[in-house]
Each structure stands twice: as C-alpha cells, then as structure tokens.
Amino acid sequence: MKNILCVPFLIFLLLFLAGHGQPQTPTDDSFDYPRIVWKGQISTRKDIIKNPSFFSRLKNLFTGGSDQIFVRPLSLMEDREGKLWVTDPGHPCIVKIDTAAGDITHLYAKDDFSFISPVGICEGPDSKIYITDSGLNQIIVLDKRSKKFSFLNDSLKLSRPTGIVYLSNNKEIWVVETTAHHITVLDTNGQIIRIIGKRGLQKGEFNFPTFIHVDKNGIVYVVDSMNFRVQMFKRTGEWLSMFGEAGDATGFLARPKGIATDSEGHIYLVDGLFNAVQLFSKDGKFLYYFGENGHGEQQFWLPVGIFIDTENKIFIADSYNARLQIFEFVQGGIRE
C-alpha cells in the first residue's frame with residue numbers, strides 16, 4: 001500500500017498524451033490489403049441493453065446509475081464462456097460484460113482492500129481471473145463462482161505489475177514488472193519459479209516493459225515499451241526474436257501498448273501516439289494499419305488494450321474515448 005504516490009508514474013507510462021503522428025500504408029500497388037471491418041462499439045448501457053426492463057430503469061433512477069459503462073478502459077479479455085472482462089482504473093474496478101444476456105456488472109474489491117490501479121487481466125484455471133494492480137503491487141484473484149477477490153500471495157510484492165498471461169500448458173503465470181524491467185514467472189500459488197530478463201538493450205533485456213500476450217502456439221510476446229520493440233519467447237523462457245524501433249513512420253513504434261495475434265498469426269500492436277493499430281507479419285514485417293485520431297467510428301483517442309477472439313473479432317480499449325471498439329479481420333486479406 002505504500003508508495004501510492006508513485007502510481008501516476010505508471011499511468012504516465014501507459015497513457016502518454018496522444019500526438020499527431022500517423023503511420024502510412026504501403027504504397028506498393030501489388031500489396032494485397034487486409035479487410036478490417038468495423039463492427040460497432042461498447043460505450044453505454046444502450047449498446048448492450050437494447051430494451052432495459054422497468055426494474056433496470058428504476059434501479060438506475062434511484063441509484064444514480066449512469067448509462068456510461070467506462071471511465072478509462074485499459075486492458076480486456078474474453079473468457080471461455082464468452083464474457084468480456086475489462087480493467088478500468090478510472091472507477092477503479094473490473095467490468096464484466098455479458099453481451100448475450102445483456103448484462104453489465106462493475107466489480108469492486110471491498111472486503112480487505114480496494115483497487116487502486118487495475119491494469120492487466122487474464123483467465124486462469126478453475127474459474128479464476130488474474131488481475132494486476134500497479135498501485136497495490138499485487139496480483140489479485142477473482143473467483144468467478146464466489147465473486148470474491150483475494151491476493152494471489154500476500155507476501156509477494158511486485159514492482160509495478162502490468163501485463164499478465166497464464167500459460168495453461170506450463171501452469172504458469174507470467175507477469176510483467178514494469179519498473180523492475182523483467183518478467184516474473186509464478187506458479188498458481190504465487191510462488192516465484194524464475195525471472196526472465198533485466199534492464200538493458202540486448203535481446204532478452206527490457207526497458208519498462210508493459211503488455212504481454214501468449215498465442216495459441218505458446219509463443220509469448222512482450223511489449224518492451226521504452227526500447228520501442230516487441231520481444232518473443234518460447235514458453236520455456238528461451239528468447240526467440242524481436243522487431244521494432246522508435247520512429248514516426250510506417251512500421252516504427254512510438255508508444256507501443258496492447259498486443260495480440262489473430263488465427264493466422266498476424267501480430268496486432270496498438271500505438272497510443274499514432275492512435276492506430278499496426279499489423280505485422282510473424283517475422284515482424286509491417287503489413288497494414290487502421291485507425292486515426294478522433295471520436296467517431298474507427299477513430300481512437302489514446303487506445304491501449306487489445307483482445308482478439310477465436311473468430312478474429314478484434315476488441316480495442318479506446319481509453320480516452322471511454323469505450324471499446326469492435327472490428328473484424330476478414331481472412332485471406334494479407335499476403336505475407
């Protein structure tokens with residue numbers, strides 16, 4: 001709980017003010033452009049609850065409930081049951097969205113602690129959801145069945161934890177410690193198995209890493225934010241490759257944030273300064289981008305998190321527009 005005043009540092013790191021630079025699309029006439037289709041957004045309750053019941057309207061009337069769902073959505077994921085889970089440090093809370101049932105729930109940790117700055121989120125085993133809180137310097141576990149929150153390991157103190165993934169084959173939790181410049185690998189009891197990386201410029205070294213993603217093949221992608229690159233690792237922790245460098249033109253990185261892959265293995269990297277999502281091939285070659293600065297459809301204002309489901313539906317946490325935008329990648333569009 002101490003050093004709470006340092007929390008703004010992480011927010012500054014994750015949420016740089018948006019700029020004016022934009023990546024450029026390839027000019028090669030032979031380039032086979034992908035089809036990224038805008039599908040909609042989730043911003044207010046009306047986007048989910050088309051015909052609210054009388055009870056729902058009455059509840060909002062007496063509780064002062066707002067139609068606005070988010071304040072600053074940051075990271076997100078979809079669980080095995082198809083429900084969306086979003087961290088929102090603006091509340092601060094976790095938002096659960098059941099689009100099929102038209103249900104929205106804001107979950108607050110109220111028993112022994114309160115959220116300060118929830119950042120990363122992933123699904124673990126046995127109906128568990130893992131959440132990093134960069135203010136508490138802890139990993140919080142939500143049991144979906146009991147709807148209760150607890151610390152993964154009371155004695156485990158992390159250094160500004162941000163991104164988190166669960167590797168089911170290893171039964172390991174990989175958490176990014178941003179200000180320690182490394183990845184900590186834990187078992188499901190929160191005991192440290194090993195540390196990956198240290199501060200530096202060489203392969204396998206980091207400079208304020210933030211977001212992390214694991215693909216269907218077990219390859220782990222780490223956004224090495226202030227080295228302006230993405231590093232890839234085997235699930236054993238062995239370094240594989242990396243791509244990216246600082247710049248304001250096509251394929252370069254300015255403020256890399258959330259990362260995900262689609263069913264074809266293409267890499268999607270959100271860039272908060274470009275207000276866009278850049279697509280890269282499996283070997284790190286720039287392919288395409290979509291998005292621009294603004295408040296309308298297919299426009300972003302400091303986007304952060306990204307999640308892509310098994311049907312290539314793309315969810316973007318459009319943070320300062322206080323919404324999720326939904327896109328879809330149509331297969332067969334990208335020529336590698």
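Values in this text are rule-based calculations from the coordinates and carry no lab data. Because the structure is predicted, anything quoted here is derived from the model rather than measured. Reconstructed Cβ throughout: ideal geometry from the backbone, glycine too, with neighbour counts over all protein chains shown.
Using a simple charge model, +1 on the beta-carbon of Lys and Arg, -1 on the beta-carbon of Asp and Glu, nothing else, what dipole does the stretch 77-156 show about its Cα centre, in debye to the nearest 20?
Details: 9 positive and 13 negative charges, 23 e Å.
It works out to roughly 120 debye.
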In whole angstrom, and with the biggest value first, how far do the Cα coordinates of the stretch 241-301 range along each principal axis? 35, 27, 17
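Please compute the Kirkwood hydrodynamic radius of the stretch 116-262 from all pairs of different C-alpha atoms, in Å with one decimal. Provide the component values of the computation, followed by the final result.
On the way: mean 1/r = 0.0651 Å⁻¹.
Evaluated on the stretch 116-262, it is 15.3 Å.
Taking every eigenvalue of the Cα gyration tensor of the stretch 182-263, multiplying by 5 and rooting it, what semi-axes result, largest first, whole Å? Don't skip to the end; give the middle numbers.
On the way: eigenvalues 101, 45, 23 Å².
So the equivalent ellipsoid measures 22, 15, 11 Å along its semi-axes.
Mean separation of Cα pairs under 8 Å and 6+ residues apart, divided by the residue count of the stretch 177-336: what relative contact order is that in percent?
Details: 380 pairs, mean separation 18.2, N = 160.
Result for the stretch 177-336 is 11 percent.
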If the stretch 254-334 were replaced by its equivalent ellipsoid, with semi-axes equal to the square roots of 5 times the Cα gyration tensor eigenvalues, what would those be, largest first, whole Å? 20, 14, 10
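For the stretch 117-204, calculate the relative contact order in percent as a whole number, restricting contacts to Cα pairs under 8 Å that are 6 or more residues apart. Don't jump to the answer; show the numbers that get you there.
Working: 199 pairs, mean separation 17.0, N = 88.
Answer for the stretch 117-204 is 19 percent.
Kirkwood hydrodynamic radius of the stretch 86-185 from all distinct Cα pairs, in Å? Walk me through the intermediate numbers first.
On the way: mean 1/r = 0.0725 Å⁻¹.
Kirkwood radius, the stretch 86-185: 13.8 Å.
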Once you have the Kirkwood Rh of the stretch 194-336 from its Cα pairs, apply Stokes-Einstein at 20 °C and 1.002 mPa s and quote D in µm²/s. 140 µm²/s
Can you tally the lysine pairs in the stretch 191-336 where the Cα-Cα distance is under 23 Å and the two residues are eight or more apart, or on different chains? 19
